[in-house]
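We did not get these values from a lab; they are worked out from the coordinates using the rules stated. As the structure is a prediction and not an experimental result, all values here were calculated from the model. Backbone-built Cβ (ideal geometry, glycine too); neighbour counts: all protein chains shown.
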Amino acid sequence: MSTLGVVILSLRGMKHLTQSLESVKWADAITVLHAGAGEPSIGGNYFPSLRLRKIASLRELGDPSWEIGTDWVLHLWGEERVEDELGEELRALRRRESSQVPMGYRIPIRSHLLGRWVKGSLLGPSPALRLSRRVEHLPSGWWDSTTEKSREAPLLPHGWIGDYAATELNDGIDRLQSVSELWAEEFRGKDHGLNPKAAVLRSFQVFVKMLLMNGIVMNGFAGLTLSTLAAYLVLLTGARAWEASNARTKIKSVG
């Protein structure tokens, strides 16, 4: 039976590292590479196979596959966790003969976005080459690798990695609601001439400008999400201001 280890890359501010570790606590070895200042947020949980190493930046990452010492190595972000079906698939993989399996696998990734699961990841491509044998060197930029080698690796048949990096967007939406109300009050105070067509047009302009500005379109799903939220804020502000202004006009006409 072969062994399987997990390398988890942790960055400052990641809030789901403990859940990520819980999802792979059955692994033969776990190495957390924490980049940046401060300590990783693990809490009081105890993981006997855990080894923590701090690195100053991602440039020091190197190839942690050799130091973990297992036959298979799975790479995760600290905001990701192995879902149950994938865990079963990985445990079954350890029981297979080495001659019957390839050198690496790509694994589908799904993001928990605004309360539902969507295909793709905010942190990198999906499916991505995340599982390999220790003798097979993964590129140092495995989190955004687009090499031919990674695309040629077969897809793991069952299960997926859950990316929870976008869960904080719920708080972001609430803040957009509050900001739009403040902006709407400002517009009403200055008695701007607002109309629905102008609000929609302005929202579309903001979306296009955000998407093309500073190469944000190259960020894929993350860039599209950010541009959409910016356009939503503008549209929501215009809608609130127009609604309040229209209601005030109706009250005057009734009076």
### Message
Quick check: residue separation of residue 232 and residue 84 times 0.36 nm, minus the Cα distance between them. What number comes out in nm?
### Response
49.7 nm
### Message
Could you check the spin-label model distance between residue 197 and residue 91? Points 7 Å from the Cα along Cα→Cβ, value in nm.
### Response
6.3 nm
### Summary
Residue-ordered couplings for region 18-23, obtained by feeding phi - 60° into the Karplus form 6.51 cos²θ - 1.76 cosθ + 1.60 and rounding to whole Hz (Gly and Pro as x), are 4, 5, 5, 5, 4, 6
### Task
Calculate, for residue 116 and residue 205, the FRET efficiency according to 1/(1 + (r/R0)^6) with r their C-beta to C-beta distance and R0 41 Å; round to the nearest 0.05.
0.90
### Task
Quick one: net charge around residue 163, please, counting Lys, Arg +1 and Asp, Glu -1 for every other residue with C-beta under 10 Å from its C-beta.
0
### Message
For the pair residue 99/residue 155, report the inter-label distance in nm, with labels modelled 7 Å from Cα in the Cβ direction.
### Response
3.0 nm
### Task
Set the Förster distance to 41 Å, then compute FRET efficiency between residue 2 and residue 39 from the Cβ-Cβ distance, nearest 0.05.
0.80
